[in-house]
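J.: Okay, handing you the structure first.
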Amino acid sequence: MTSVEQVTITRAEGTSFTVRLHPSPAPQPPEPSIADSTACPAEVTTAGAPVVLIVPAMGVRAGYYGKLTEAIREAGLTAAVTELRGHEESGGRTPSRRYDYGYADLLDDVNAAVIAVRQRLPGAPVYLLGHSLGGHLGMVHAGQNPGHLAGLLLVASGSVWWRLWHPGMYLVGVVVSAMSRIFGYFPGHRVKFGGREARQQMLDWTRFNRTGRLEFGTPRVNHDPAIAEVDLPVLGMSFAGDGFAPAKAVDGLLAKMPKAQVTRLHVGEGTEPPGHLRWARRPEVVLPDLVAWIKEQAARRAER
């Protein structure tokens, strides 16, 4: 295992979260001279390698992606993973009636994580890998911040609009909304849907479920028009056996970006389908396609 650099980001409210960087393997540079004594070797060796920044799924801690980040690093890329609010290993707070947040706050964290990676590795192309909820946030970030990302990887990330599913999905939204209001938070850890999640986050999720729009914030903003202007390379991956982001839902989310250069893959038909979460613990399922796609995009960038 390589050494991991941890970048801690403090929020205005006083809580904090961590972005973990797993530098790509590279020859060590010569020892810096006295004049260069403030230089950081990792900045020198990894600045040119493409970065894959993972934004986790709802209720999933950053540590869950350990095997994936190491596999990405061994493939010659730099891997990074950011923590989701409410699921930090330290520095955060547990969602409750007294501590609430929504998609807008989660997006603020993603924005800060991207900026931190770009500052830490200047010049390195950043590809945001959004898993499920992380894909929703990644799309909005890309729409708001043209030029920040070299591409998007939406992995097991689908629209939750009920019309892309079945009438029962609408009822799921009604139940999730009711539980969130009654408890003051959503007890997803008890019903096996996400973890313990913030009330407003789940109300934003249920609005997406009800309307098909990524609309949130105070005042409320419909982010779909900005998403529709995203013209990045996008890799959309769905998995066999995934009941939380089936292929039709993934297609529905990708359809929000008509100007993007989309590559669409469906992975894992066979005796052991990867499902919604297990793929992250089985990097061999996604790594060949993921690395090949990023290297193809890097080659195209070099030709411009």
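J.: Return the sequence-ordered ³J(HN,Hα) values of the range 72-89 in whole Hz as given by the Karplus equation 6.51 cos²θ - 1.76 cosθ + 1.60 applied to θ = phi - 60°, using x for Gly and Pro.
T.: 4, 4, 5, 7, x, 10, 8, 10, 9, 9, 9, 8, 8, 4, x, 10, 6, 6
J.: Note down the nm distance, to one decimal, between modelled labels 7 Å out along Cα→Cβ at Arg163 and at Arg93.
T.: 3.8
J.: For helix 103-120, report the angle its Cα long axis makes with the longest principal axis of the Cα atoms of the chain; keep it between 0 and 90° and round to the nearest 10°.
T.: Rounded to the nearest ten degrees, it is 10.
J.: Moving on. Against the empirical 2.2 N^0.38 Å scaling, what ratio does the C-alpha Rg of the range 203-304 come to?
T.: 1.26
J.: Rounded to two decimals, what is the ratio between the C-alpha radius of gyration of the range 126-212 and 2.2 N^0.38 Å?
T.: 1.19
J.: Under the 0.36 nm per residue contour assumption, what length would be gained going from the current alpha-carbon distance of Ala299 and His266 to full extension?
T.: So the chain would gain 9.5 nm between Ala299 and His266.
J.: With a bin width of 20 angstrom, please list the P(r) values of the chain as percents of all Cα-Cα pairs, from the 0 bin to the one holding the largest distance.
T.: Percent of Cα pairs in each bin: 34, 58, 8, 0.
J.: Further, regarding this structure: Quick one: Karplus J couplings for the range 220-225, per residue in order, coefficients 6.51, -1.76, 1.60, θ = phi - 60°, nearest Hz, x for Gly and Pro?
T.: Once θ is set to phi - 60°, the couplings for the range 220-225 become 5, 10, 7, 8, 4, x Hz.
J.: Would you please give the residues with an amide H less than 5 Å from that of Val55, counting only those at least 5 places away or on a separate chain, with H modeled from the backbone geometry?
T.: Answer set, sorted by chain and number: Leu129, Gly130, His131.
J.: Taking the 0 to 90 degree range and rounding to the nearest ten, how far is the long axis of helix 167-183 tilted relative to the main principal axis of the chain, both from C-alpha atoms?
T.: Approximately 80 degrees, to the nearest ten.
J.: So, one more: Within 15 Å, Cβ to Cβ, of Trp293, how many net charges do the neighbouring residues add up to if Lys/Arg are +1 and Asp/Glu are -1?
T.: For residues surrounding Trp293, the net value is +2.
Bear in mind that the values in this text are calculations on the coordinates, not laboratory data. In this text, all values refer to a predicted model and were calculated from it rather than measured experimentally. Every residue, glycine as well, gets a Cβ built from its backbone with ideal geometry; the counts of neighbours run over all protein chains shown.
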